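Take a look at the structure below.
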Amino acid sequence: MAYIGKVPANVPLTSSDIADGIISTADLANTAVTGAKVNTDIISAQTALASEPADTDEFLVSDAGTIKRIDYSLIKSTPTHVLISTTTVSSAASEILVTSGIDSTYKSYMIDIINLHPATDNKSLNMQFRQGGSTITSSIYDYGFTHIGSNNTNTHNYTHDDPQMALANNINTDATSGVSGRIFLYEPSNTTYDTRIQWGITFELNGDYQCHSSGSARIESTTAVDGFRLFMSSGDIDLCTAVKLYGVA
C-alpha cells in the first residue's frame, strides 16, 4: 500500500534485519566470496585426518588460477623400495627363515641385513633359497666373492655346485662386531633363466680387522624362488637387529 504522509527515510540494512538461513547460495554472486572473506582457520578448525589419505580423498588445487579438485592417488609418492617383511633375532637361533613375500609381484628384491651377530668365532655367514615352500639344499649354488680387509689383504673365494652360498667368512664375534649388508635377488619368479644374486657385506674379520665382501651367485635351477634362509656355517645367530625384505619397483 502507499504511504500516508511522509515517506520514511532510507536506512542501511543491518544483520538484524535478515533472518538466519534466509540467503541461499543462488543469491550470492559467483565472485562474492573472496580469499579476504575466508577465515584463516578454515583448515585448522576442522577434524584432523589421523592416517594417510585414501587414494580417492580429494584436495583443492589452483590450476593456472582455476580451482580444481585432485585425487590423492595422483600426488602421493610412489616408493621404489616397498618393505614386505622384517625379521629380528633377540636370542640364540639356528637360522633366520623368511618363507613368504617373494613372488612375481616385483622383478627384483632387496634384503637388508642389519647387525647380525654370530655366536661362534671365525665362521661363515651362509645363505640358501627356497622353492615351492622348501629350502634348496642340493648342490646347485655357484658363487664367488672378494674380501677386502683393513689388514691389507685381498682374498677371493669361489665354489661351483655347492649346497649353499657363503656371503662372508672368518667373521669375528667381538661384542662390538656385527654383520651388515645388502643382497639383491633378480627376477626370482622367472622360470626361463637361473636366478641371480648379488651382494655387499661389511663385517669384522677375525683378528679385529674391518672387511668388505662383494660377490655374486646363481641358483642353477629355473624353478621360482619364494623364500630364503640365513645361517652360520657353525653355531647360532645370537642377535640380529633386523633382516628386511623389500620389493624393488
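All of the numbers you see were taken from the coordinates with simple rules; none came from a lab. Bear in mind the structure is a predicted one, so any value in this text is a computation, not a measurement. Quick reminder, even Gly has a Cβ in these numbers, built from the backbone with ideal geometry, and neighbours come from all protein chains shown.
Computed over the chain with a Gaussian network model linking Cα atoms closer than 10 Å, the most mobile of Gly235, Gly200, Gly65 is Gly65.
Between Val82, Val61, Val33, the residue with the greatest mean-square fluctuation in the GNM of the chain (Cα pairs under 10 Å linked by springs) is Val33.
Compute a Gaussian network model of the chain, connecting alpha carbons closer than 10 Å, and tell me which residue from Asn30, Asn115, Asn152 fluctuates the most. Judging by the Gaussian network model, the answer is Asn30.
For Cα Rg over 2.2 N^0.38 Å, the listed values are [x] 1.83; [y] 1.38; [z] 1.06; which was obtained by calculation from the structure presented? So the structure-derived entry is [x].
For the stretch 130-240, the square roots of the Cα gyration tensor eigenvalues, ordered a ≥ b ≥ c, give a/c of at least 1.5 with a/b greater than b/c, which places it in the prolate category. For the stretch 26-84 versus the stretch 231-249, the spacing of their alpha-carbon centroids is 43 Å.
Near Leu205, the amide H atoms lying under 5 Å from its own belong to Asn172, Gln210, Cys211; only residues 5 or more places off or on other chains count, and H is placed 1.01 Å from N.
Using only side-chain charges placed at the Cβ, +1 for Lys and Arg and -1 for Asp and Glu, the dipole size of the chain relative to its Cα centre rounds to 500 debye.
Separation of the stretch 93-109 from the stretch 111-146 is 13 Å, based on Cα centroids. Backbone geometry of the stretch 35-51 corresponds, through the Karplus equation with coefficients 6.51, -1.76 and 1.60 at θ = phi - 60°, to 3J(HN,Hα) couplings of x, 5, 9, 9, 5, 5, 9, 4, 9, 5, 7, 8, 5, 6, 7, 8, 9 Hz, x marking Gly and Pro. Shown in residue order for the stretch 194-206 are the 3J(HN,Hα) couplings computed by the Karplus curve 6.51 cos²θ - 1.76 cosθ + 1.60 at θ = phi - 60°: 5, 7, 10, 10, 9, 8, x, 10, 10, 6, 9, 6, 4 Hz (x for Gly and Pro).
Put simply, the amide H of Asp226, placed in the peptide plane, has neighbours under 5 Å in Arg130, Gln131, Gly132, Gly133, leaving out anything fewer than 5 places away on its chain.
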